[in-house]
Amino acid sequence: MVEARQAGKLRVIGFTGHKDPHIHLHMLEVADAHGCTFRPLSEPEVAALLSKTATAAAGGRFEPFKVSSIFDATAEHPEWLGEEQERLQALMP
């Protein structure tokens, strides 16, 4: 990727979506070792990205694990979650 960027074949190398902060830290360390820096998207960049992807994201077609229980083992085994706390049970219908 670094060679491709240096050759002008790509402008930006980035990462997103990892839930484990250790993975984020590792990626930043690897990037730093290669002289890469990261910056968050600006508000206009976020707005443009959300506008561009809103239609595709709305139905979850590309990420069914986020909009269905297909990949959710706890949906198949709710006993793994244990009992809800009393304060949460009070909120349930």
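Rule-based calculations on the coordinates, nothing more; no lab input. Since this is a predicted model, take the numbers as computed values, not measurements. Note that we place each Cβ from the backbone using ideal geometry, even for glycine, and neighbour counts take in every protein chain shown.
Given the options Leu50, Leu28, Leu81, state which has the largest fluctuation in a GNM of the chain using a 10 Å cut-off (strictly under) for Cα springs.
Leu81
Please report Met27, Met92, Met1 as a ranked list, fewest other C-beta atoms within 10 angstrom at the top and most at the bottom.
The order, fewest Cβ neighbours first, is Met92, Met1, Met27.
Under a 10 Å cutoff between Cα atoms, tell me which one of Gly60, Gly14, Gly82 has the largest fluctuation in the Gaussian network model of the chain.
Among Gly60, Gly14, Gly82, the largest mean-square fluctuation in the Gaussian network model of the chain belongs to Gly82.
So which residue, out of Glu63, Glu43, Glu79, gets the largest mean-square fluctuation from a GNM of the chain using Cα contacts under 10 Å as springs?
Glu79
Excluding residues on the same chain fewer than 8 positions from Lys66, give the lysines whose Cα lies under 17 Å from its Cα.
Answer for Lys66, where 17 Å is the Cα cut-off: Lys19, listed by chain and number.
Which of the lysines could a cross-linker bridge to Lys9, judged by Cα under 26 Å and excluding same-chain residues fewer than eight apart?
Partners within reach: Lys52.
Would you calculate the separation in nanometres between label points at Lys66 and Glu79, each defined as 7 Å from the Cα along the Cα-to-beta-carbon direction?
So the label points at Lys66 and Glu79 sit 3.3 nm apart.
Taking 25 Å as R0, compute the FRET efficiency from the Cβ-Cβ separation of Thr53 and Leu10 and round it to 0.05.
Result of the calculation: an efficiency of 0.80.
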